[in-house]
Amino acid sequence: MILFLGPLMQLSMDCPCDLADGLKVILAPRSWARCLTDMRWLRNQVIAPLTEELVFRACMLPMLAPCMGLGPAVFTCPLFFGVAHFHHIIEQLRFRQSSVGNIFLSAAFQFSYTAVFGAYTAFLFIRTGHLIGPVLCHSFCNYMGFPAVCAALEHPQRRPLLAGYALGVGLFLLLLQPLTDPKLYGSLPLCVLLERAGDSEAPLCS
């Protein structure tokens, strides 16, 4: 969420209601009941994050890591994750949502950032030994979408907004290692698996 400090500021600036009213809406049982009956919301915020992290992190990483080591596995696993999102091309082509060139450019861009995101959640899974972190990150990023940098550049309050973007990136990089220190999370199942396989010097495990 720290990485999305700029987009969160942008949302709050563009929101017509004040903070108190926004919190009332978020915490209202009726709002949650509406979400839980919305299949698109359930798919994007619950089902997709849970199943994709289970398959591509909890299942695939333990299979790849003993064969190629943790580092290569962290960057190989997200490639499968990126390819798994190519079904969006079929949807867009089927419903003629744009020109073929734009659809494939969009797919290439989506593949790139989903691969980067997959590497990040793989890093989280290895360093914490838990699936809950990657699932929550996945759900949050699905909700936020890709940051609207172009809109931020044209925003009436772009200076504080861009400062928020820069501060978010800086704090994210500064806090990433200390907040994912394996010492905070106890036993790391994937690292234990690698130790049994004879790889006791995996740098991500320490």
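The values are calculated or read from the model by the stated rules, or taken from the named source; none is laboratory data. Given the structure is predicted, the values throughout are model-derived calculations rather than measurements. Backbone-built Cβ (ideal geometry, glycine too); neighbour counts: all protein chains shown. Heavy atoms of the whole protein, side chains included, go into the accessibility calculation; ligands, DNA and RNA do not. Shrake-Rupley method; radii C 1.70, N 1.55, O 1.52, S 1.80 Å.
Looking only at region 37-46, which residues are surrounded by fewer than 12 Cβ atoms within 10 Å (Cβ to Cβ) and of a type in the set (A, V, I, L, M, F, W, C)?
M39
With the structure loaded, tell me whether R94 is charged (D, E, K, R) and over 17 Å from the mean Cα position of the chain (by Cα) or whether it fails that test.
Yes; evaluated as a whole, the condition is true for this residue.
Quick check on my filter: what residues within region 61-79 are free of Cβ contacts under 8 Å to residues at least 60 places away in the same chain and either more than 14 Å from C205 (Cα to Cα) or open to solvent by 40 Å² or more (accessible area, probe 1.4 Å) (or both)?
M63, L64, C67, M68, P72, F75, T76, C77, P78, L79 - these are the residues of region 61-79 that are free of Cβ contacts under 8 Å to residues at least 60 places away in the same chain and either more than 14 Å from C205 (Cα to Cα) or open to solvent by 40 Å² or more (accessible area, probe 1.4 Å) (or both).
So T180 ticks every box in (1) in contact (Cβ under 8 Å) with a residue 40 or more places away in the chain; (2) under 18 Å from C59 (Cα atoms) but one. Which box is left unticked?
So the condition that T180 fails would be (2).
Testing E91 on (1) free of Cβ contacts under 8 Å to residues at least 24 places away in the same chain; (2) of a type outside the set (S, T, N, Q); (3) surrounded by 12 or more Cβ atoms within 10 Å (Cβ to Cβ), one condition comes back false. Which one is that?
Going through the list (1) free of Cβ contacts under 8 Å to residues at least 24 places away in the same chain; (2) of a type outside the set (S, T, N, Q); (3) surrounded by 12 or more Cβ atoms within 10 Å (Cβ to Cβ), E91 breaks only (3).
Hey, can you tell me all the residues within region 151-197 that are more than 23 Å from the chain's Cα centre (by Cα), farther than 30 Å from L64 by Cα and open to solvent by 70 Å² or more (accessible area, probe 1.4 Å)?
Hits for region 151-197 are L153, E154, P156, Q157, R158, R159.
Quick one: G133 ticks every box in (1) within 21 Å of L54 (Cβ to Cβ); (2) part of a helix (DSSP H, G or I); (3) modelled with pLDDT under 90; (4) not hydrophobic (A, V, I, L, M, F, W, C) except a single one, so which number is it?
If we test G133 against (1) within 21 Å of L54 (Cβ to Cβ); (2) part of a helix (DSSP H, G or I); (3) modelled with pLDDT under 90; (4) not hydrophobic (A, V, I, L, M, F, W, C), just (3) comes out false.
So L11 fits all but one of (1) in contact (Cβ under 8 Å) with a residue 60 or more places away in the chain; (2) part of a helix (DSSP H, G or I); what number is the exception?
Here L11 clears every test but (1).
Residue under question is G101, and the condition is that it be assigned to a helix (DSSP H, G or I) and touching a Leu at 6+ places or on another chain (Cβ under 6 Å); does it hold?
no
Scan region 59-109 residue by residue and report those that are within 29 Å of L124 (Cβ to Cβ) and small (G, A, S).
Of everything in region 59-109, those that are within 29 Å of L124 (Cβ to Cβ) and small (G, A, S) turn out to be A65, G69, G71, A73, G82, A84, S106, A107, A108.
Since T114 meets every condition but one in (1) in contact with a His (Cβ under 9 Å, 6 or more places away or on another chain); (2) of a type in the set (V, I, T); (3) open to solvent by 40 Å² or more (accessible area, probe 1.4 Å), which condition does it not meet?
(3)
If you scan region 80-94, which residues turn out to be under 12 Å from F104 (Cα atoms), assigned to a helix (DSSP H, G or I) and touching a Phe, Trp or Tyr at 6+ places or on another chain (Cβ under 8 Å)?
Result: I89, single match.
Please tell me if L50 is closer than 23 Å to G186 by Cβ and not hydroxyl-bearing (S, T, Y).
Here the answer is yes, as L50 does meet what is asked.
Kindly evaluate F104 against the criterion of being open to solvent by 80 Å² or more (accessible area, probe 1.4 Å) and either touching a strand residue (DSSP E or B) at 6+ places or on another chain (Cβ under 6 Å) or under 30 Å from I47 (Cβ atoms) (or both).
yes
Just need a number here: residues in region 2-50 that are closer than 30 Å to G170 by Cβ and of a type in the set (D, E, K, R).
2
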